[in-house]
Amino acid sequence: MTDEKDQIVEIAENGEADEHVVSAERSRVMRAVRGKNTRPEIKVRKLLHRMGLRFRLHDRHLPGKPDIVLRKHRTIVFVHGCFWHRHEGCKLTRTPKSRVQFWTDKFRTNVRRDAMNVEALKEAGWNVIVVWECEAKDLAALEQRFLVALHDSAAGRRPPVETHKASVQKFPLVSKH
C-alpha cells in the first residue's frame with residue numbers, strides 16, 4: 001500500500017497530474033524548506049552569541065513567534081528568507097512561473113502577517129530588527145547594525161523598525177469571501 005505522497009508523485013510522473021499536483025522534484029525541494037533553524041538564522045545566532053549576547057528562541061508567547069528574543073534589551077530579531085517574506089529589490093525575491101495566483105496570494109498573506117506581528121510587538125514596547133537572508137552573508141555589517149540597535153535600546157531610544165512597508169502596499173490583504 002502506498003501512502004498519499006507516493007500517489008501524488010506517481011500521478012505527477014505519469015503526466016496525469018492536474019495543476020495542484022507537483023512533480024517529485026518540487027515535492028523534495030518543498031519538504032526541505034524549514035521554518036526554524038535555517039542557515040541564515042543560525043549564522044545570526046552565532047554572531048549574537050559571539051557578541052556576548054544571550055537570547056531565547058522562537059518564543060511562542062510573542063506575536064509571530066520571533067526567531068530570536070533578547071529580553072534584556074527588549075529586542076526581537078526576525079530572520080526572514082528573502083523569497084518567502086518578499087525582500088524588495090533582492091534577487092532572491094522571485095515569483096514561480098507556475099500557479100502565479102497561488103504564490104501571489106501566499107506572499108501577500110506572509111507580508112501582511114509579518115507587518116501585523118511587527119506592529120503588535122512595537123505596541124507592546126519591543127524593538128524589532130528584521131534581518132534578511134541576503135544580509136546574513138555580511139556578518140561585519142550585521143554586527144555593526146546590532147551594536148547600533150542595542151545601543152539605542154539601552155539608551156531608551158527605539159530605533160525605527162526596518163520593515164517592508166512598500167511590500168505590504170504592493171501585496172494588500174484581500175478578504176476571501
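Could you list all residues from region 97-139 that are in contact with a Cys (Cβ under 9 Å, 6 or more places away or on another chain) and either assigned to a loop (DSSP other than H, G, I, E, B) or among the hydrophobic types (A, V, I, L, M, F, W, C) (or both)?
Hits for region 97-139 are 132, 134.
All but one of (1) of a type in the set (D, E, K, R); (2) surrounded by 15 or more Cβ atoms within 10 Å (Cβ to Cβ); (3) assigned to a loop (DSSP other than H, G, I, E, B) hold for residue 94; state the number of the condition that does not hold.
(2)
Give the residue, chosen from 64, 89, that is among the small types (Gly, Ala, Ser), under 18 Å from residue 36 (Cα atoms) and assigned to a loop (DSSP other than H, G, I, E, B).
64
From the set of residues in region 97-132 that are among the aromatic types (Phe, Trp, Tyr) and free of Cβ contacts under 8 Å to residues at least 12 places away in the same chain, which is surrounded by the fewest Cβ atoms within 10 Å (Cβ to Cβ)?
Per the criteria, the residue is 102.
No lab work stands behind these numbers, since they all come straight from the coordinates. Every value quoted in this text rests on a predicted model; they were computed, and no experiment measured them. Cβ: placed from backbone, ideal geometry, glycine included. Neighbour counts: every protein chain shown.
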